[in-house]
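Below is one structure, written out as structure tokens, with a few remarks after it.
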Amino acid sequence: MPEPRIRPLALCVFHHAGKILVNVFEDAVTRQTLYRPLGGGIEFGETGSAAIAREIDEELGQPINDIRLLGTLESLFVHDGKPGHEIVLVFDATFADTALYAQPWLDGHESDGARFRAKWCDSSSFSADTPLVPKGLAELLKGLSLLD
């Protein structure tokens, strides 16, 4: 079993009309539904903003503009029965193709080929039972007036 490590992560909060774009997934052990903005790991020698541009291009095939850092979170969690530890750089950006904001969802794929559907959700979608992750993200976004 590999030694546990801290994972550097970049997430992007695309927002429009009081909603943010999130990937909806389920914890296989707890069966809890979770919501998380799009993004992924930061590779060695890569900046966080370059990582988010690369991840969005890989996952959605879409270029982005106006990338800016909103904040940093530290996330200690258990997912699918395994402990995790991430340092999360939270970014804001805009899609070059503004027509994407009018679509109810965007289809994408993970690096392993798994398909997903990212949805535009408002704050009423998130609760203690169906949280926005990582922990602290909802509070960060509310403080910046990006979520109600």
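The values are calculated or read from the model by the stated rules, or taken from the named source; none is laboratory data. Keep in mind it's a predicted model, so treat the numbers as computed, not measured. As a convention, Cβ positions derive from the backbone with ideal geometry for all residues, glycine included, and neighbour counts pool all protein chains shown.
A few notes on this one:
- Strands (runs of 3 or more DSSP E) lying entirely in the stretch 26-93 (those with 2 or more residues that are in contact with an Asp or Glu (Cβ under 7 Å, 6 or more places away or on another chain), in contact (Cβ under 8 Å) with a residue 24 or more places away in the chain and not small (Gly, Ala, Ser)): 33-36, 64-79
- Of the residues making up the stretch 102-138, those that are loosely packed, with under 12 Cβ neighbours inside 10 Å and either among the hydrophobic types (A, V, I, L, M, F, W, C) or not in a loop (DSSP other than H, G, I, E, B) (or both) number 6.
- Residue in the stretch 130-139 that is within 14 Å of residue 37 (Cβ to Cβ) and small (Gly, Ala, Ser) present: yes
- As a summary of the residue check, residue 87 satisfies the conditions (1) more than 25 Å from residue 140 (Cα to Cα); (2) β-branched (Val, Ile, Thr); (3) in contact with a Lys or Arg (Cβ under 8 Å, 6 or more places away or on another chain) except for the one numbered (1).
- Residue check for residue 84: closer than 21 Å to residue 42 by Cβ, small (Gly, Ala, Ser) and at pLDDT below 95: yes
- Number of the exception - residue 134 against (1) touching a helix residue (DSSP H, G or I) at 6+ places or on another chain (Cβ under 8 Å); (2) under 24 Å from residue 71 (Cα atoms): (1)
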